[in-house]
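Inspection log for the structure reproduced underneath, given as structure tokens.
Taken together, the values in this text are just the output of simple stated rules run on the coordinates, not laboratory data. The shown structure was predicted, so the numbers you read here are calculated from the model rather than taken from an experiment. Counting neighbours? That spans all protein chains shown, and the Cβs are built from the backbone with ideal geometry, glycine included.
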Amino acid sequence: VDRRDAKLALAHIYVAFIALLLGGLAGLLQVFVRSGQFTLPAGINYYQILTVHGVLLGLILTTYFILGFQTAAISRTSGPLSNKQRTIGWVGFWIMTIGTAAAAIMVLLNEASVLYTFYAPLQAHWIYYLGLALVVVGSWTVSLSQGLRYIQWRKENKGKTSPLLSFMVVVNNLMWFVCTLGVAAEVLFQLLPWSLGLVERVDVLLSRTLFWYFGHALVYFWLLPAYMIWYTVLPKIIGAKIFSDSLARLAFMLFLLFSIPVGVHHQLTEPGIDGFWKFLQVVLTFFVVVPSLLTAFSMFATFEMRGRELGGKGLFGWFKKLPWKDSRFLLPFIGMVAFIPGGAGGIVNASYQMNELIHNTIWVTGHFHLTVATTVVLTYFGAAFWLIPHLTGRVLTKKMNDLAVTSGIMWTVGMFIMSSAMHIAGLLGAPRRSEYSTYGGSEQAAEWIPYQIAQAVGGTILFITILLIIGIVINLIWFAPKGEEEFPLAELAHGAEKTPAILENFKLWGVILVALILIAYTFPIFDIINNSPLGSTGYKFW
Ligand code: HAS
């Protein structure tokens, strides 16, 4: 990666790891509070801490890591950014950072304890919403610099298939842009005017619907960089090749199409949205499972083929041949394995009847600690351990690699304890997003307490692991020996079929995407506005 692009990528990664440390600390405080053994000092409010945790880890760590990684990925595969593109990237970085600081100050002042989902009826100070809006606008700007480099590559290489990793970055950015339009509309037309006192009331259902239009695609914005690493980096680390470029591109295009028109599966219990639209979006949700299954089978096949090439015999002999002591492989691999129960939990969530049982229980928190906090984040950590030294001109030593492997194992143990306890307590009815309570001595609530203590044990292990990870990152930034660490990137297997040009036809996929969104959302939104009991939106469509 070009040195000047490396600086831009690193700036993002620094913010991501600061967010990890502070967000992790907030997580530790939360599990302690929920265990009933600890009370927050100095009048700090539980929801304040929960907002810090969700915003820093769910929104800031992820967005910054993704944009930093993607800047490096574009520079590595399409070539260095031009001065203009790099300047656009820096402008975006600073807009995001000013927004993050503004939102953070409001949360610290307890003026924005509205959680990371921040939809109405909880209301925050307008500066919080403005700060988040700046984060979104800044992220568009950074994505633009990446997109412009990709367009430049295509112009300079007419008729050729673009580098796979660059293509993946562009698909992720496109999905991000389209989905953030929903939350931008919510912030601009509802939350900001409402918090500024310009309108008295807003329609809560509309606010939630616009949020979830964004919110589910958000989880795939987190996931796709992990898939980029699985598809293009892991084969190289194990000494294999990418066995199908087309399959990887198809999986990404399917994500682009199906990530957005599925947000209503977060609102299955809400009145005001007709059952038909819920049904339709549940069906589309089951479509979005397909690219993950494609990924699972193709990655598994790559691992098995490589293991057999290395002499692995019998049904599982190949398994032993994989580089288990290499943190660059092990951490993402554990992430993949965690996605089996994580994804299965997602299918439970999306199933209308089962959703009745788990909705708003701590099961959901368990689900996303497996998906985002294990699958995604462990893959990011595994990548950070080679990406940071690659960008700083240092190397990952054997000692640091061993510590990194230890951190991966500790993370897995902590998360296994915490998230299993969350899943079980959720099935026993424990609510999410609530402080410790005995609910007036209720017998049912008493059953949850051992699981809450288990969550505190898991959470403590996780926080210790975060300290270890921050130590490794500091070493890789300032103290590791100087040298050249590779940005591993696999080649396409010999004899792999030629990638059909249609897979890179963004106009065609864009039209299908818009059509799907219109089908899934137009009527529900018109209905919500039309039937709004508040009449606060001031519009009527029929
Ligand atoms: Fe989810 C709630 C449905 C995936 C994150 N989800 C959430 C929330 C978050 C989140 C943050 O339908 C809470 C939001 C809030 O605060 O309210 N989710 C799904 C479905 C999927 C899914 C159907 N979720 C994710 C991912 C996330 C994420 C990914 C983050 C990155 N989720 C829901 C629903 C809710 C929900 C409802 C709302 C619940 C409610 O009522 O509130 C699917 O995408 C899952 C598909 C995945 C699979 C697994 C494929 C397996 C793979 C592993 C490969 C392994 C290999 C190694 C090759 C079917 C890819 C094998 C080797 C061996 C040796 C075994």
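Numbers for the structure displayed
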| read-out | value |
| --- | --- |
| ARG3-HIS494 FRET efficiency (beta carbon distance; Förster radius 35 Å; 0.05 resolution) | 0.55 |
| 3J(HN,Hα) from dihedral phi, region 346-354, Karplus parametrisation 6.51/-1.76/1.60, rounded to Hz, x for glycine, proline | x, 5, 4, 4, 7, 7, 2, 5, 5 |
| LYS399-GLU309 pseudo-label distance in nm [points 7 Å out on the Cα-to-Cβ vector] | 3.4 nm |
| For the chain: relative contact order, % (alpha-carbon pairs under 8 angstrom, 6 or more apart) | 17 percent |
| Over region 228-286, relative contact order from alpha-carbon pairs under 8 Å, at least 6 apart, % | 29 percent |
| Distance between modelled label sites at ILE409 and ALA296, nm, 7 Å Cα→Cβ extension | 2.7 nm |
| Difference of contour (0.36 nm per residue) and Cα-Cα distance, VAL337 to ILE512 | 59.8 nm |
| For SER195, SER162, SER442, order by how many other beta-carbon atoms lie within 10 Å, fewest first | SER442, SER162, SER195 |
| Those lysines that a straight Cα-Cα span of less than 23 Å connects to LYS155, excepting residues fewer than 8 apart in one chain | LYS84, LYS498, LYS507 |
| For region 1-59 and region 237-297, distance of Cα centres in Å | 28 Å |
| Near-label residues of region 1-25 by backbone N, under 18 Å of a point 7 Å along Cα→Cβ of ASN83 | 2-8 |
| Alpha carbon centroid spacing (whole Å) that separates region 376-426 from region 470-505 | 17 Å |
| Farthest positive-ward along region 3-530 dipole, Cα basis, beta-carbon charges - from VAL376, VAL136, ILE237 | ILE237 |
| Magnitude of the charge dipole, region 451-516, Cβ model with Lys/Arg +1 and Asp/Glu -1, debye to 20 | 260 debye |
| FRET efficiency, ILE474 to ASN360 (Cβ-Cβ, R0 41 Å, nearest 0.05) | 0.55 |
| Rg in Å to one decimal, and Dmax rounded to a whole Å, for region 353-463 via C-alpha atoms | 17.8, 59 |
| Value of [θ]222 nm, deg cm²/dmol, for the chain, DSSP H segments ≥ 4, -39500 (n - 2.57) each, nearest 500 | -23000 deg cm²/dmol |
| Contact order relative to length of region 235-350, as percent, for alpha carbon pairs under 8 angstrom and 6 or more apart | 28 percent |
| q = 0.10, 0.20 Å⁻¹: log10 I(q)/I(0) that the Debye formula gives for region 294-401, counting C-alpha atoms only | -0.42, -1.05 |
| Sorted peptide list for 141-150, 2-11, criterion being average Cβ within 10 angstrom, highest first | 141-150, 2-11 |
| Candidates per chymotrypsin sites (Phe, Trp or Tyr not before Pro) in region 404-463, loop by DSSP, up to 15 other Cβ within 10 Å | TYR439 |
| Cβ-derived FRET efficiency at R0 56 Å, GLU484 paired with GLU447, nearest 0.05 | 0.50 |
| Taking all pairs of distinct alpha-carbon atoms in region 3-530, Kirkwood radius in angstrom | 23.7 Å |
| THR361 long-range amide H proximity, modeled H, under 5 Å | ARG432 |
| Spin-label pair GLU435/ALA185, simplified geometry with 7 Å Cα→Cβ offset, distance in nm | 3.8 nm |
